[in-house]
Structure formats: C-alpha cells, structure tokens
C-alpha cells in the first residue's frame, strides 16, 4: 500500500511539493495543514472520475419538438432540436452554473451542496461532460 504523506505546516508542504504531487500521482493520501484546516492533494483525473461516478444523473427526455436534458436537484437544464444540440446546450449551462457558483452561489444554502458538481465541471473538458451527461443513442420520439 502507498504510504500517506502528511505535512503539518504549509512551509513543510512547500518544501516537499514534488513529494506531495508524486504521492497524489500514486493515489496515496497527501495532505497539508494550514493552522487547523487540512487540504488534500489529489490526482485531478482520479477526482474527476470519482465525481462523475457519484454525481447527479442527467435525465434525457425526448419531446415532440426536440430533446431536453435535466440535472435533477440542480438548476441546470437545456433543450435542443436534436439530442446533440440539447447535450451541447447542457454542457454550456453547466459551465455557466459553475462560474456563477464560484462567483456567488457557493454561499447560498440551496447551492452550497453542489461543490462536487462544480469541481466536476472544472476538471472536465466538453467531451467528458457530454459523455457524463449520458448521451444515449437517440430513440424514436413519442
């Protein structure tokens, strides 16, 4: 098992920054403390995959005049004439929501819990977000 790397001060962490990154790359716990608060150093792609697996699941709805993509429990929704358009619009809506969350929504009680979603958006490119939204094969519209 990979050994944990824990530094109790920022100065120690800074002096061993390469070691922190190497530990994160191996998947070992890596942490730095600043006063009473601890900060984890993790591999971004591992974190992205974990957040994608555990995040909210998109609902894709075929409607008479197009497609809708919704993220239940969040204010993110998008529509398009084609499924591809709806997913592309949902990716844009996710980006805009993440920006708004960082700017001001993080303190709002009904948005504070979306930290993981915002991290997922920040760590993902457009293709990864589109895939995460669950681009199903288009089905016949009702």
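The values are calculated or read from the model by the stated rules, or taken from the named source; none is laboratory data. All of these numbers come straight from a predicted model, not from anything done at the bench. So basically every Cβ, Gly included, is an ideal-geometry build from the backbone, and we count neighbours across all protein chains shown.
For the reader, a short list of remarks on this structure follows.
- Filter pass, residue 54 being touching a helix residue (DSSP H, G or I) at 6+ places or on another chain (Cβ under 8 Å), in the same structural domain as residue 11 (by TED's automatic domain parsing) and modelled with pLDDT under 95: no
- Selection within region 1-18 - assigned to a helix (DSSP H, G or I) and touching a strand residue (DSSP E or B) at 6+ places or on another chain (Cβ under 6 Å): 10, 13
- Enumeration of residues in region 58-102 that are touching a strand residue (DSSP E or B) at 6+ places or on another chain (Cβ under 8 Å), in a helix (DSSP H, G or I) and surrounded by fewer than 16 Cβ atoms within 10 Å (Cβ to Cβ): 85, 92
- If the condition is being within 16 Å of residue 69 (Cβ to Cβ) and modelled with pLDDT under 95, then region 89-125 contributes no residue at all.
- Residue check for residue 105: without any contact (Cβ under 8 Å) to a residue 12 or more places away in the chain and surrounded by 13 or more Cβ atoms within 10 Å (Cβ to Cβ): yes
- The one condition in (1) under 10 Å from the mean Cα position of the chain (by Cα); (2) more than 30 Å from residue 10 (Cα to Cα); (3) loosely packed, with under 15 Cβ neighbours inside 10 Å that residue 55 fails to fulfil: (3)
- The residues on offer are 70, 50, and the sole one that is free of Cβ contacts under 8 Å to residues at least 60 places away in the same chain, within 20 Å of the chain's Cα centre (by Cα) and closer than 18 Å to residue 92 by Cα is 70.
- Those residues of region 21-47 which are within 18 Å of residue 123 (Cβ to Cβ) and without any contact (Cβ under 8 Å) to a residue 40 or more places away in the chain, in sequence order: 21, 24, 25, 27, 30, 39, 40, 41, 42, 43, 46
- Conditions (1) loosely packed, with under 13 Cβ neighbours inside 10 Å; (2) in a helix (DSSP H, G or I); (3) touching a strand residue (DSSP E or B) at 6+ places or on another chain (Cβ under 8 Å); number of the one not met by residue 38: (2)
- Residue in region 103-118 that is outside any loop (DSSP other than H, G, I, E, B) and in contact with a strand residue (DSSP E or B) (Cβ under 8 Å, 6 or more places away or on another chain) present: no
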